[in-house]
Amino acid sequence: MGLIKIFSGKESIAKNLQTVIEKGNVTVIQRENKQNSGSAAIIELFIEEDDFMKVRDAIEDFKMNM
């Protein structure tokens with residue numbers, strides 16, 4: 001299957017979420033979306049669709065506790 005985006009935002013938050021997901025033995029693909037205005041880059045995190053159900057609860061818990 002394909003990739004799904006699970007997060008888009010600040011690098012510090014993305015790194016924390018990536019750590020949580022990788023504890024569930026799921027590979028995270030990170031993409032940096034640089035802005036032309038010179039502001040901080042937006043980080044996007046993706047996982048395989050097949051892995052989503054493995055980490056769905058962990059993602060929701062992370063977002064609720066932000």
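Please treat every number below as a calculation from the coordinates, not as lab data. All values reported here derive from a predicted model rather than from experimental measurement. All Cβ positions, glycine included, derive from the backbone under ideal geometry; neighbour counts span all protein chains shown.
Taken about its Cα centre, the chain carries a charge dipole of about 260 debye when Lys and Arg each add +1 at the Cβ and Asp and Glu each add -1 at the Cβ.
Per-residue Cβ neighbour counts within 10 Å put Val28, Val20 in the sequence Val20, Val28, beginning with the fewest.
Relative to the longest principal axis of the Cα atoms of the chain, helix 52-64 runs at roughly 60 degrees.
Computed from Cα atoms, the angle from the helix 11-22 axis to the main principal axis of the chain rounds to 20 degrees.
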